[in-house]
Amino acid sequence: MLINGSQIVIECLVEQGVDTVFGYPGGCILNIYDELYKNSNRINHILTAHEQGASHAADGYARSTGKVGVCMATSGPGATNLVTGIATAYMDSVPMVAITCNVGKSLLGRDSFQEIDITGVTMPITKHNFLVSDIKDLAETIREAFLIAKSGRPGPVLIDILKDVTAPSNMYEFEPSKNPDEIALKTLNKFSFKRAVTVSEPKEEELKAAAEIINASNHPIIYAGGGVKISGAENELLAFAEKAQIPVSESLMARDCFPAKHPLCTWMVGMHGTYASNMGITESDLVIAIGARFSDRVLGDTSKFAQHAKILHIDIDPAEINKNIDADSCVVGDVKAVLSRLLPLIEKKEHKEWLEQINEWKKTYPSCYDKNPKDSINPKTICETINKIAGDDTYITTEVGQHQMWTAQFYPFAKPRTFVTSGGLGTMGYGTGAAMGIQVGNPSARVVHIAGDGSFRMNCNELATIGYYNLPIVIVVENNNALGNVRMWQRLFYGKRFSQTTLDRGPDWVKLADAYGIDGYRATNAVEFEKVFKKAFEAKKPAIIDARVDKDEMVLPMVPGGKPIYNMIMELSKEIMSND
């Protein structure tokens with residue numbers, strides 16, 4: 001059928017099963033927005049308050065649904081406002097397609113109004129990107145972009161389209177396809193990629209070598225990463241761990257990949273990991289890394305990481321093998337497929353003495369917190385109260401900072417894809433947009449967003465979006481009137497010189513909620529918090545809870561930067577805690 005470029009964009013999105021787009025219009029993308037208006041019965045568009053909110057919403061949508069998230073923006077500042085969201089998705093391997101439109105061909109390269117080389121800007125933070133200057137390439141490019149975004153190790157792809165291509169008068173013959181991925185697959189060999197796109201079956205010799213090293217170990221531990229969740233391999237991980245009775249430590253991105261209350265779970269590993277996880281890695285004779293990239297926040301001092309252990313690395317992306325730490329053995333392939341093939345090859349074991357040691361560490365050295373705050377709420381109470389009232393099916397999002405670490409340390413995640421946070425990039429302001437995307441993608445589910453006051457102020461303009469669309473998100477602001485994580489470092493390592501980390505200023509979160517037509521609550525102790533959270537959650541409306549947390553509440557355990565992960569600060573002296 002003969003249609004114009006903007007119509008081709010819509011038809012290709014429908015081909016890909018896209019039901020929702022997050023975005024913000026502008027001059028160069030107006031032609032596409034005109035078609036979105038005409039096709040509102042086919043594609044739902046969510047207008048965010050800022051383009052960054054749109055990118056984070058597309059990210060949250062993708063992480064929670066497993067589908068490709070889509071965001072749109074115009075040229076120039078519209079496109080650059082997507083950059084942080086694209087980088088966040090890239091670091092955490094999230095399938096996302098960002099569509100921008102640029103100035104016309106005759107204006108390109110002339111420093112025209114709102115012109116930016118967005119493909120050049122995003123080259124390091126996309127799995128691939130495209131500049132479409134001819135309508136004949138448009139459909140093929142969109143199909144390729146979606147296939148690249150979701151195949152192999154997922155990631156964001158950007159498509160920048162010149163305004164001429166989308167003009168109403170620019171017509172081209174479009175051939176609809178029921179199998180757009182098959183069409184795109186034929187042309188992928190013309191590209192080179194930084195990350196795996198096509199995935200081959202795990203090699204038999206690698207599987208056998210992995211099974212041998214596992215069966216020979218006496219003190220093995222699993223280090224599960226976000227790749228477990230991306231692959232959908234949670235059941236395979238559970239069966240694998242239970243058969244060989246291997247304890248499971250988790251990266252931040254994998255905190256919802258293994259049931260927190262399972263006796264084999266040691267919770268998070270690394271800088272703010274549990275004593276059981278960090279010592280389990282340290283004293284192990286085999287670390288089985290599954291879908292993990294050995295982040296510096298996990299490794300600490302690389303030279304002293306798991307000194308007595310062999311390293312078995314299982315990952316879909318061959319570029320990750322030996323990148324941050326040398327592996328003694330590896331299996332390259334999709335985690336779900338690898339674990340399925342490994343399961344019959346590993347022996348059923350008990351590891352009784354090893355598990356007794358792990359359990360002793362868990363019992364003796366729990367994560368630390370202030371058990372008796374006078375005029376505030378401790379973070380463990382916040383997590384436990386939310387879980388008690390909201391249940392295991394509720395999605396939990398966070399911003400980045402102390403509240404994020406407390407959530408990882410204390411929230412008993414039981415089901416996959418229920419924890420959504422920015423891991424690799426550590427993006428403050430991420431969680432509000434992500435919560436919106438999750439709620440839109442899962443309209444019958446509930447979302448609770450746990451934020452810090454420092455992070456939340458960065459994207460609290462999205463309350464306009466939450467209020468307008470009546471998204472029943474409950475936002476819990478752990479308000480300590482500080483940039484708590486940075487303040488904590490200043491206390492420990494900078495002589496208590498609290499430079500620019502005290503937030504002794506507005507807004508009043510309850511008044512701000514009212515300004516956006518959202519319910520607002522305040523809680524200063526545990527009893528008040530449980531009461532107002534229950535009320536807010538059961539109302540099934542957007543709400544903000546200003547939950548007062550002491551500004552000197554710490555995140556413990558803590559491994560100082562660059563130190564071995566067994567060098568944990570478990571408690572602080574009164575001298576360190578004093579403000580004098």
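The values are calculated or read from the model by the stated rules, or taken from the named source; none is laboratory data. Remember, it's a predicted structure, so these values are computed and weren't measured experimentally. Cβ placement follows ideal geometry from the backbone for every residue including glycine, while neighbour counts extend to all protein chains displayed. To get the accessible areas, we keep the full protein, side chains included, count just its heavy atoms, and leave off ligands, DNA and RNA. Shrake-Rupley method; radii C 1.70, N 1.55, O 1.52, S 1.80 Å.
When the residues M1, M72, M123 are ordered by accessible surface, computed with a 1.4 Å probe over the protein chains alone, the sequence from largest down reads M123, M1, M72.
Electrostatic bookkeeping for R63 treats Lys and Arg as +1 and Asp and Glu as -1; over the other residues with beta carbon under 9 Å from its beta carbon, the sum is 0. Within the accessible area of the chain, the carbon and sulfur atoms contribute 50%, probe 1.4 Å, all protein chains present.
Please tell me which of these pairs span more than 27 angstrom C-alpha to C-alpha: K203/K310; K323/K496; K67/K194? Intermediate values should be presented prior to the final figure.
Numbers: K203/K310 20 Å; K323/K496 37 Å; K67/K194 21 Å.
As for pairs spanning more than 27 Å Cα to Cα, those are K323/K496.
Of the chymotrypsin sites (Phe, Trp or Tyr not before Pro) in the stretch 191-293, the ones in a loop by DSSP (not H, G, I, E or B) with at most 14 other beta carbons within 10 Å are F191. The distance linking the stretch 41-73 with the stretch 136-191 is 19 Å (Cα centroid to Cα centroid, whole angstrom). When the C-alpha to C-alpha distance is required to be over 25 Å, the pairs from K243/K352; K415/K551; K362/K551; K336/K415; K304/K349 that qualify are K415/K551; K362/K551; K304/K349. Taking 20 °C and 1.002 mPa s as conditions, the stretch 289-365 diffuses translationally at an estimated 148 µm²/s according to Stokes-Einstein applied to its Kirkwood radius (Cα pairs).
Highest mean first, how do 497-504, 551-558 rank when packing is the count of other Cβ atoms within 10 Å averaged over residues?
For the peptides 497-504, 551-558, the packing ranking is 551-558, 497-504.
Pairs of C-alpha atoms in the stretch 401-510 farther apart than 22 Å represent 36 percent of all such pairs. Which percent of Cα pairs goes in each bin when the distances of the chain are cut into 10 angstrom slices starting at zero? For the chain, the binned pair fractions read 4, 17, 26, 25, 18, 8, 2, 0 percent.
Can you find, among S192, L264, V248, the residue farthest towards the positive end of the dipole of the stretch 161-305? Put +1 on the C-beta of Lys and Arg, -1 on that of Asp and Glu. Highest projection toward the positive end goes to S192. Once the dipole of the chain is set up with Lys and Arg at +1 and Asp and Glu at -1 on Cβ about the Cα centre, which of G23, V549, S444 lies farthest towards its positive end? Checking the options against the dipole of the chain, the answer is V549. Under a 5 Å amide H cut-off, with hydrogens placed 1.01 Å from N, R522 pairs with D546 among residues at least 5 apart or on other chains.
Per-residue ellipticity at 222 nm, computed for the chain from helices alone with -39500 (n - 2.57) per DSSP H run of at least four residues, works out to -10500 deg cm²/dmol.
More than 15 Å apart: what percent of Cα pairs in the stretch 217-322 qualify? Considering the stretch 217-322, 57 percent of its Cα-Cα pairs are separated by more than 15 Å.
Kirkwood radius and radius of gyration were both taken over the C-alpha atoms of the stretch 463-520, and their ratio Rg/Rh is 1.16.
Inter-label distance, L492 to E242: 3.7 nm, where each label sits 7 Å from its Cα along the C-beta direction. Near Y430, once Lys and Arg are set to +1 and Asp and Glu to -1 for all other residues with Cβ below 13 Å from its Cβ, the sum equals -3. A cut-off of 5 Å between modelled amide H atoms, ignoring neighbours fewer than 5 places along the same chain, links N378 with no other residue. Running Debye on the stretch 116-156 with equal point scatterers at the Cα sites and no solvent, what base-10 log of I(q)/I(0) appears at q = 0.14 Å⁻¹? Each listed q corresponds, in turn, to -0.34. Surface exposure of the chain, expressed per residue as accessible area with a 1.4 Å probe, stands at 40 Å². Magnitude of the charge dipole for the stretch 65-132, about its Cα centre and with charges confined to Cβ atoms of Lys, Arg (+1) and Asp, Glu (-1), is about 180 debye. Shape summary: the stretch 314-409 maps onto an equivalent ellipsoid whose semi-axes, from the alpha-carbon gyration tensor, are 36, 21, 16 Å in decreasing order.
Computed about its Cα centre, the charge dipole of the stretch 468-569 is approximately 260 debye, with only Lys, Arg, Asp and Glu carrying charge at their Cβ. For the stretch 236-310 and the stretch 461-537, what is the centre-to-centre distance using only Cα atoms, to the nearest Å? Computed from Cα coordinates, the inter-centre distance equals 32 Å.
Projected over all directions and averaged, the alpha-carbon convex hull of the stretch 234-386 occupies 10.1 nm².
Working ranking of peptides 181-187, 291-297 by packing, defined as the average number of other Cβ atoms within 10 Å per residue, highest first, is 291-297, 181-187. Each Lys or Arg adds one and each Asp or Glu takes one away; over the other residues whose Cβ falls under 12 Å from the Cβ of E350, this sums to 0. Shown here are the Rg and Dmax of the Cα trace of the stretch 417-462, at 10.7, 30 Å.
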